[in-house]
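Beneath this line is the structure, given in structure tokens, with notes to follow.
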Amino acid sequence: MTVPSPVAPWPPIIRNAALPRRILWRDRICTIAMWLLLLWLCRSALHTLWDTSWELFENGHLRFAGWPEKLAGLQPYFKIVGLFAVWAIVWAMITLWRRQRYLHLPQPPALTLEEEAGKASGVPEDLAAWRRLKICVVHLDAQGNVSVLSKTPMANP
């Protein structure tokens with residue numbers, strides 16, 4: 001007995017999903033709040049930029065006196081950027097260490113067509129038909145090398 005094929009195209013790719021209205025408004029409010037917070041945190045730098053621009057348009061030239069004091073006001077921002085850079089570097093090192101640690105372990109066996117279709121709540125025939133489509137299949141091996149698996153022209157009707 002075969003399971004009827006789903007009405008939606010397979011594999012299930014989410015496109016233009018309707019989000020609940022409260023999620024949309026939550027995202028909009030949080031985005032606006034974060035931009036306002038950024039502007040508030042950068043208010044002294046924006047004020048300095050405004051004054052400098054106004055002086056350039058008014059006098060036609062810039063005075064370079066007082067720049068060390070202006071840059072000293074940006075010191076907390078440079079510290080935050082440095083902190084984020086250190087955080088990113090540490091996590092990159094941890095990720096690379098994990099990759100090296102687990103690189104030698106054996107890879108799990110490949111799934112059969114039925115097992116793979118079952119994991120995706122699909123039908124093996126649909127998966128087989130989807131695999132015959134004109135697509136580029138890329139394989140990532142255990143060492144992280146990428147290779148393109150060629151499809152025979154006969155497999156693509």
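Looking only at segment 1-45, how many residues end up being over 26 Å from the mean Cα position of the chain (by Cα) and either modelled with pLDDT of 85 or more or open to solvent by 80 Å² or more (accessible area, probe 1.4 Å) (or both)?
The number of residues fulfilling the criteria is 7.
Consider only pairs whose beta carbons are under 7 Å apart and that are at least six residues apart or on different chains; among these, list those whose first residue lies in segment 22-34 and is at positive phi and whose second residue is open to solvent by 100 Å² or more (accessible area, probe 1.4 Å) and of a type in the set (Val, Ile, Thr).
Short answer, once both residue conditions are applied: none.
(1) of a type outside the set (Gly, Ala, Ser); (2) farther than 30 Å from Gly144 by Cα; (3) open to solvent by 100 Å² or more (accessible area, probe 1.4 Å): which one isn't true of Pro68, the others all being true?
Among (1) of a type outside the set (Gly, Ala, Ser); (2) farther than 30 Å from Gly144 by Cα; (3) open to solvent by 100 Å² or more (accessible area, probe 1.4 Å), Pro68 violates only (3).
With Trp54, Trp87 as the choices, which residue is modelled with pLDDT of 80 or more, assigned to a helix (DSSP H, G or I) and closer than 30 Å to Gln143 by Cα? Walk me through how you get there before you give the answer.
Values: Trp54 fails: closer than 30 Å to Gln143 by Cα.
After ruling out the rest, the residue left standing is Trp87.
Check Pro76 against each of (1) at pLDDT 85 or above; (2) farther than 29 Å from Asn145 by Cβ; (3) not hydrophobic (A, V, I, L, M, F, W, C) and name the one condition it does not meet.
The failed condition is (1).
The values are calculated or read from the model by the stated rules, or taken from the named source; none is laboratory data. It should be emphasised that the depicted structure is a prediction, and the values quoted were computed from it without experimental measurement. Methodologically, a virtual Cβ is constructed for each residue, glycine included, from the backbone with ideal geometry; neighbour enumeration extends over all protein chains shown. The area values use the complete protein model at the heavy-atom level, side chains included, leaving out ligands, DNA and RNA. Shrake-Rupley method; radii C 1.70, N 1.55, O 1.52, S 1.80 Å.
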